Amino acid sequence: MLVHTRQEREAAARTWLLISARDAATARSDWKNYGVALLRCGALFSAVRIPAILVHAAAGTADRPAVADFLATALDGGPVFYDGGGQQYYALTPGSAARTWNVPDTECLGSDHFLGIPATDITAPDPRCAAYWCVPMDGPGTLCMPAAVAHLARHGRHLVAQQQSEEATARA
């Protein structure tokens, strides 16, 4: 039986992600020094940007550990990171997802996009950068299913719209 430790899977995921860097040595250095490196979307992966308000509505909370648990379940363990500076979540999906993505209030970053991706070992707020993995990559090529990400975003949109409607009715 072959057993891989979390540390081995993280190293494999890190190596896989580095394929998307213009220069792997620079990206490694940026991860070490700044906690984040610019990687090219579109070939190995795309990244769906979802506003935090939608994710928190779908999760029913903004509590960091609870949101991470929700995302891990809703996206079947697919990798997601949070950018606190932009108040956005990013779900990594197959590179082809950007070609057909059509979910309002979200964006799927594909070819010709570069994204600041946190180092694979940053799984909580870190002083080096505003981004961290809520659901770390489980290994190379492990990505979120686009349909699950779309469902989550649409559900969050529905809940936000419902809450806004109720608030407007209460004010009237």
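The values are calculated or read from the model by the stated rules, or taken from the named source; none is laboratory data. Here the structure is a predicted model, which means the values were calculated and not measured. Note that each Cβ is placed from the backbone with ideal geometry, even for glycine, and that neighbours are counted across all protein chains shown.
Residue pairs whose Cβ atoms lie under 6 Å apart, separated by 6 or more positions or on different chains, with the first residue in the range 43-62 and over 14 Å from residue 163 (Cβ atoms) and modelled with pLDDT of 95 or more and the second acidic (Asp, Glu) and not in a loop (DSSP other than H, G, I, E, B), are 49/107. Restricting the search to helices (runs of 4 or more DSSP H) fully inside the range 48-161 and requiring at least 2 residues that are of a type in the set (Val, Ile, Thr) gives 52-59, 64-74. Inspection of the range 90-99 identifies at least one residue that is within 26 Å of residue 4 (Cβ to Cβ) and either touching a Ser or Thr at 6+ places or on another chain (Cβ under 6 Å) or free of Cβ contacts under 8 Å to residues at least 40 places away in the same chain (or both).
Residue 134: surrounded by 21 or more Cβ atoms within 10 Å (Cβ to Cβ), farther than 25 Å from residue 66 by Cβ, within 13 Å of the chain's Cα centre (by Cα) and in contact (Cβ under 8 Å) with a residue 40 or more places away in the chain, yes or no? So residue 134 fails the test. One residue alone among 105, 63 is within 18 Å of residue 157 (Cβ to Cβ), of a type outside the set (S, T, N, Q) and surrounded by fewer than 20 Cβ atoms within 10 Å (Cβ to Cβ), and that residue is 105. Only one of the numbered conditions (1) farther than 22 Å from residue 113 by Cβ; (2) acidic (Asp, Glu); (3) free of Cβ contacts under 8 Å to residues at least 12 places away in the same chain is violated by residue 76, and that is (3).
Hey, any hits in the range 138-161 for a residue that's surrounded by 21 or more Cβ atoms within 10 Å (Cβ to Cβ) and within 25 Å of residue 33 (Cβ to Cβ)? The answer is no, given that none of the residues of the range 138-161 is surrounded by 21 or more Cβ atoms within 10 Å (Cβ to Cβ) and within 25 Å of residue 33 (Cβ to Cβ). For the range 139-172, a residue qualifies if it is closer than 24 Å to residue 13 by Cα and touching a helix residue (DSSP H, G or I) at 6+ places or on another chain (Cβ under 6 Å), and the qualifying residues are 139, 140, 146.
Going by the structure shown, is residue 76 modelled with pLDDT under 95, on the phi > 0 side of the Ramachandran plot and either among the aliphatic types (A, V, I, L, M) or surrounded by fewer than 16 Cβ atoms within 10 Å (Cβ to Cβ) (or both)? No, not satisfied. Inside the range 1-41, residues that are under 14 Å from residue 116 (Cα atoms), part of a loop (DSSP other than H, G, I, E, B) and touching a residue at least 60 places away in the same chain (Cβ under 8 Å) make up a count of 2.
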